[in-house]
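Quick note: the coordinates plus some simple rules give every number you see, no bench work behind them. This one's a predicted model, so the numbers in the text were calculated from it and none came from an experiment. When we count neighbours, we look across all protein chains shown, and the Cβ atoms used for this are built from the backbone with ideal geometry, even at glycine.
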Amino acid sequence: MKKRIDFPKIKGRVCFNEPLSRHTTFRIGGPCAVWIEPQNEKELKKILKFAGSKAKKIFIIGAGSNILFRDKAFNGMMIHLGSKNFKKIHFTGTKAIIGAGAMLNRVIMRACKKGLSGVEGLVGIPGTMGGAIFMNSGYNRVVANSLDEIKVMRRTNGNIRRLKSKDIKFGYRHSGLNSYIILEATLRLKKNNKKIVAEEGERLLYAKKRTQPLSERSAGCVFKNPDNRIPAALYIEMSQLKGKKIGDAKVSEKHANFIINVKSAKANDVLRLINFIRKRVKSRFNINLIPEIKIV
Ligand SMILES: Cc1cc2nc3c(=O)[nH]c(=O)nc-3n(C[C@H](O)[C@H](O)[C@H](O)COP(=O)(O)OP(=O)(O)OC[C@H]3O[C@@H](n4cnc5c(N)ncnc54)[C@H](O)[C@@H]3O)c2cc1C
């Protein structure tokens, strides 16, 4: 049996050798040495201090909807902001204060009930607020568009600070926030008619459901769209790769930029399929597809 990490006492949940396949939308991934859900910022800081002193790797996981964890064990500490202190959703007027662990669908629903628009572009994205900010996610509007500021904790020393949205280097599926753990977001929303907000959300969800395999096990779009007007999905489709299967990993027939775990795919199947797609698209179109999903 593997030796367990001598771990500091906290009230939050701690599990050893936790299978990461339980925590990703792909349902893929080997175990991690320690899974930790700190109860509050103080406990999070304690964990970071411990990790620093023992030179342990840490990784922050939200809803695991943009990650492919490898089959081999992650020999470090997986931190998840899943306790209720990190999931708060609070509105004052048009301002929303959202914990990084809050699921996006709950945020959208609550904003919709209040007749506040600005987060509908996140509809159908099965992630958390923290993950969405880190990835600058969105469907037609990205999260950065409605963000006022965030509260973050520095990974190296646990110090807390606030960052204004304008000072964050947001880009396409990029935030440059690698040195921080996102704790909380303040959004600036717009007062609108409840019916209009709901209809816009439904319209976007309908469009997404029609074009993407939302009910399958996946991690969303695998590749970033290249720097031109042709989306990655079209290059993959034009390479006749829709339906291409390696092991239980398959290129979606509905949206070619999605890889689906048909039954019990291994990370290795997905990685082999990713390489296959990249080689085929490179040889046919001289385009280098870059993964959008995080491979850990
Ligand atoms: C069916 C499906 C549809 C999708 N559609 C879209 C879409 O339309 N648009 C889109 O942009 N994406 C889409 N995605 C991808 C994914 O859902 C988003 O990127 C989502 O915002 C990721 O959030 P998460 O909480 O799951 O992050 P995770 O996948 O858990 O993590 C993603 C990255 O964020 C980091 N991270 C997470 N939380 C924090 C935090 N608190 N502090 C610091 N770093 C953190 C992680 O370390 C990791 O590097 C889709 C995925 C699926 C499965």
To the nearest 0.05, how large is the calculated FRET efficiency for residue 229 and residue 202 if R₀ is 30 Å and r is the Cβ-Cβ distance? 0.60
Please list 154-160, 121-127 highest first by mean number of surrounding beta-carbon atoms within 10 Å per residue. 121-127, 154-160
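For the pairs 87/191; 42/88; 88/151; 54/169; 151/294; 42/164, flag any whose C-alpha to C-alpha distance is greater than 25 Å. List each step's numbers first, then the result.
Working: 87/191 23 Å; 42/88 17 Å; 88/151 13 Å; 54/169 31 Å; 151/294 23 Å; 42/164 23 Å.
As for pairs spanning more than 25 Å Cα to Cα, those are 54/169.
Can you give the charge dipole size of the chain about its Cα centre, rounded to the nearest 20 debye, using +1 on the beta carbon of Lys and Arg and -1 on the beta carbon of Asp and Glu? Could you put the intermediate results ahead of the total?
Details: 61 positive and 21 negative charges, 94 e Å.
So the dipole magnitude of the chain works out to roughly 440 debye.
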With each pseudo-label sitting 7 Å past Cα toward Cβ, what's the residue 161-residue 141 distance in nm, one decimal? 3.0 nm
Gaussian network model of the chain, Cα within-10 Å springs - most flexible of 12, 64, 138: 12
Could you give the size of the charge dipole of segment 13-83 about its Cα centre, using +1 on the Cβ of each K and R and -1 on the Cβ of each D and E, expressed in debye and rounded to the nearest 20? 220 debye
Intensity falloff of the chain expressed as log10 I(q)/I(0), Debye formula with alpha-carbon point scatterers, at q = 0.07, 0.12, 0.14 Å⁻¹: -0.28, -0.82, -1.10
Compactness of segment 87-211 - radius of gyration and Dmax, Cα, Å: 14.1, 46
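Given the pairs 84/113; 95/195; 72/282; 49/72; 49/266; 84/263, which span a C-alpha to C-alpha distance of over 24 angstrom in this model? Please list the in-between numbers first.
Details: 84/113 21 Å; 95/195 20 Å; 72/282 29 Å; 49/72 26 Å; 49/266 34 Å; 84/263 32 Å.
Violating the 24 Å limit, Cα to Cα: 72/282; 49/72; 49/266; 84/263.
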12 Å reach of a label modelled at residue 172, 7 Å along Cα-to-Cβ, counting backbone N of segment 221-263: 223-233
So, counting K/R as plus one and D/E as minus one, what does the shell of residues with Cβ under 9 Å around residue 292 add up to? +3
Step through the residues of segment 123-136 one at a time and calculate ³J(HN,Hα) from phi using the Karplus curve (6.51 cos²θ - 1.76 cosθ + 1.60, θ = phi - 60°), rounding each to whole Hz and writing x for Gly and Pro. 4, x, 8, x, x, 9, 4, x, x, 5, 6, 4, 8, 6
Pick from 58, 196, 47: which residue has the top mean-square fluctuation in a GNM of the chain where Cα pairs under 10 Å get a spring? 196
Mind checking which of 190, 54, 114 has the largest fluctuation in a GNM of the chain, springs on alpha carbons under 10 Å? 54
If only Cα atoms are counted, what is the Rg of segment 13-83, and what is its Dmax, in Å? 11.6, 33
Can you figure out the FRET efficiency of residue 40 with residue 282, using R₀ = 41 Å and their beta-carbon distance, to the nearest 0.05? 0.30
Take each of the peptides 211-218, 73-80, average the number of other beta-carbon atoms within 10 Å over its residues, and list them starting from the highest. 73-80, 211-218
What aspartates and glutamates does residue 56 reach when the alpha-carbon gap must be under 15 Å and sequence neighbours fewer than 8 apart in one chain are set aside? 6
Hey, rough spin-label estimate for residue 148 and residue 193, points 7 angstrom out along Cα→Cβ, what's it come to in nanometres? 2.6 nm
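I need the shape label for segment 157-244. Rule: rounded when a/c is under 1.5, else prolate if a/b > b/c, else oblate, with a, b, c from the alpha carbon gyration tensor. Provide the component values of the computation, followed by the final result.
On the way: a/c = 2.29, a/b = 1.32, b/c = 1.74.
Cα axes put segment 157-244 in the oblate bin.
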